[in-house]
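Scroll down for the structure; my scribbles are underneath it.
The values are calculated or read from the model by the stated rules, or taken from the named source; none is laboratory data. Quick caveat, the model's predicted, so the values are computed rather than measured. Reconstructed Cβ throughout: ideal geometry from the backbone, glycine too, with neighbour counts over all protein chains shown.
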Amino acid sequence: MTHDVSATPREDRASDAGFLRLLAHELRNYIAPVHNAMHLMRLKLRGDATLVPVIELIERQLVAMTVTLDAVSDLERVRRGEMSIERAPASLHDVVARAVQALPGNARRDRIETDVPDTLEPVELDAARMTRVIAGLLDNALRYAPGDSPVRLAAREMPSATEIVIDDAGPGMSAAERERALEFFELPHRPGRGLGLTLPLAAAMTRLHGGSLALEPSPQGGLRVLLRLPRAGSHGATHARSETAAEQDDIAAAATGTGRRVLLADDSAAVRTSLTDLLQEMGHEVRAVADGAEAVSMAQAWHPEFVLLDIHMPKLNGFDAARKLRALYPSSTMQLVMLSGEGLDDVMRAGAKQAGFDHCVDKGLAIGELTSLLAQPATTGQRPQKSL
């Protein structure tokens, strides 16, 4: 018997959505420390030909779990009409580079061939959301491409848009399947191939950007995804400088001991221990506390350059702790980073900005973004403007 979602009473559907958010939050709290531990093991076991592939396998599965949680959450927001985006001119070269880096394991990234000139005109997009879209499409192509066959991504300018073309050598789709593949739950579930949400979500996100997504047979024998995005208008639009190479240099420097003073506040002992050990291995000085009130006190006594705050903590939650710290310290003195275990939607980002956070990081995939943040130029070391 098929369950008709449209026939479900509104209060039941709202309850289902609340349960999904709660479930996603709990699962992320389980995933995050394991992910941190895997990164630490990778640093400790550099060059170990036996264990590094095993670590990469575990990392891939952890990221796949996090991406699946994000997809389910996004699906609910799209179907309830609650999804919104904030578009701004952005470098497609950098967005694609970040999407590729979001795929764990060098073996997987090595299969991706990209041709995205850094001279392309900027495109109008929500960079964070489109990075997830492109990463999802690449991951989808890698799932179906056989053996070591490459997945190719190229970008080209058209009269009024920029087109991204992704080709794989997988089994492809029939014309009938391609026609249905961009609608949620239209294609039958294929065991071991995920929930089938990647293409419909990518299409929905692209439409929100004012663009389009289409499917064709690929010259490689598999599937071709054609994603078109509107270019930024000439008013105020400039070529966004490609920062990919600089970012990679920063990441390398961070991993070799460019130390920063980092305060971590999280009520999960597993998250505190795993992230502290990982950041210390990368050369940073770290202190960890279990609640927001202790975070405020420690920050005043120790003056860290970065404070990483979980949201749901006892005594003082992350938002209230951020407000107190921002009243004491300007951003140039102390960077506040929200660690979200619930995914990062527009409401969460807006609330973080109002509370005084400088950055929002997905707890389940934190280390990549934290590595870049901690490679920023050193702060001035000013003292508080006023006391509590």
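Scan the range 160-169 and give yes if some residue there is buried (at least 19 other Cβ atoms within 10 Å of the Cβ), modelled with pLDDT under 90, touching a Pro at 6+ places or on another chain (Cβ under 8 Å) and part of a loop (DSSP other than H, G, I, E, B), otherwise no.
Scanning the range 160-169, I find no residue that is buried (at least 19 other Cβ atoms within 10 Å of the Cβ), modelled with pLDDT under 90, touching a Pro at 6+ places or on another chain (Cβ under 8 Å) and part of a loop (DSSP other than H, G, I, E, B), so the answer is no.
Which condition number in (1) more than 24 Å from S84 (Cα to Cα); (2) at pLDDT 75 or above is the one that S387 fails?
Only one criterion is unmet by S387, namely (2).
State which residue pairs qualify: first residue not assigned by TED's automatic domain parsing to the domain that holds M38 and modelled with pLDDT of 75 or more and inside the range 58-72, second residue in a helix (DSSP H, G or I) and surrounded by fewer than 19 Cβ atoms within 10 Å (Cβ to Cβ) in any location, beta carbons under 8 Å apart, and separation of 6 or more residues or different chains.
Partner pairs satisfying both residue conditions: none exist.
Does L75 satisfy being in a helix (DSSP H, G or I), over 21 Å from L339 (Cα atoms), modelled with pLDDT under 80 and of a type outside the set (S, T, Y)?
On the way: in a helix (DSSP H, G or I): yes; over 21 Å from L339 (Cα atoms): yes; modelled with pLDDT under 80: yes; of a type outside the set (S, T, Y): yes.
Yes; evaluated as a whole, the condition is true for this residue.
Residue check, E113 against (1) touching a strand residue (DSSP E or B) at 6+ places or on another chain (Cβ under 6 Å); (2) buried (at least 18 other Cβ atoms within 10 Å of the Cβ); (3) touching a residue at least 40 places away in the same chain (Cβ under 8 Å), all met but one. Which one?
(2)
Might you let me know whether the range 127-136 holds any residue that is β-branched (V, I, T), buried (at least 22 other Cβ atoms within 10 Å of the Cβ) and under 16 Å from the mean Cα position of the chain (by Cα)? If you could, list the steps in order and put the result at the bottom.
Pass one, the range 127-136, residues β-branched (V, I, T): 131, 133-134.
Those left that are additionally buried (at least 22 other Cβ atoms within 10 Å of the Cβ): 133-134.
Restricting the remaining residues to those that are under 16 Å from the mean Cα position of the chain (by Cα) gives 133-134.
Scanning the range 127-136 turns up at least one residue that is β-branched (V, I, T), buried (at least 22 other Cβ atoms within 10 Å of the Cβ) and under 16 Å from the mean Cα position of the chain (by Cα).
Please state which of the following conditions A141 fails to meet, knowing it meets all the rest: (1) over 20 Å from the mean Cα position of the chain (by Cα); (2) crowded, with 19+ Cβ neighbours inside 10 Å; (3) farther than 28 Å from H359 by Cα.
(1)
Residue-by-condition table, conditions (1) of a type in the set (K, R); (2) modelled with pLDDT under 70; (3) under 22 Å from the mean Cα position of the chain (by Cα):
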| residue | (1), (2), (3) |
| --- | --- |
| M1 | no, yes, no |
| D4 | no, yes, no |
| L20 | no, yes, yes |
| E26 | no, no, yes |
| N29 | no, no, yes |
| A32 | no, no, yes |
| A37 | no, no, yes |
| G47 | no, no, no |
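List the residue pairs whose Cβ atoms are under 6 Å apart, where the first residue sits in the range 142-159 and is among the small types (G, A, S), the second is assigned to a loop (DSSP other than H, G, I, E, B), and the two are 6 or more positions apart or on different chains.
Once the first residue is among the small types (G, A, S) and sits in the range 142-159, its partners that are assigned to a loop (DSSP other than H, G, I, E, B) give A145/D168; A145/A169; A145/G170; S149/A169; A155/V116.
Given the options A154, A181, name the one that is at negative phi and either surrounded by 20 or more Cβ atoms within 10 Å (Cβ to Cβ) or at pLDDT 85 or above (or both).
Working: A181 fails: either surrounded by 20 or more Cβ atoms within 10 Å (Cβ to Cβ) or at pLDDT 85 or above (or both).
From the options A154, A181, the qualifying one is A154.
Among the residues that make up the range 215-229, is at least one of them modelled with pLDDT of 85 or more, more than 30 Å from P117 (Cα to Cα) and assigned to a loop (DSSP other than H, G, I, E, B)? Working first, answer last.
Narrowing the range 215-229 to residues modelled with pLDDT of 85 or more: 215-229.
Filter again for more than 30 Å from P117 (Cα to Cα), leaving none.
Within the range 215-229 (the criterion being modelled with pLDDT of 85 or more, more than 30 Å from P117 (Cα to Cα) and assigned to a loop (DSSP other than H, G, I, E, B)), the answer is no, since none of the residues qualifies.
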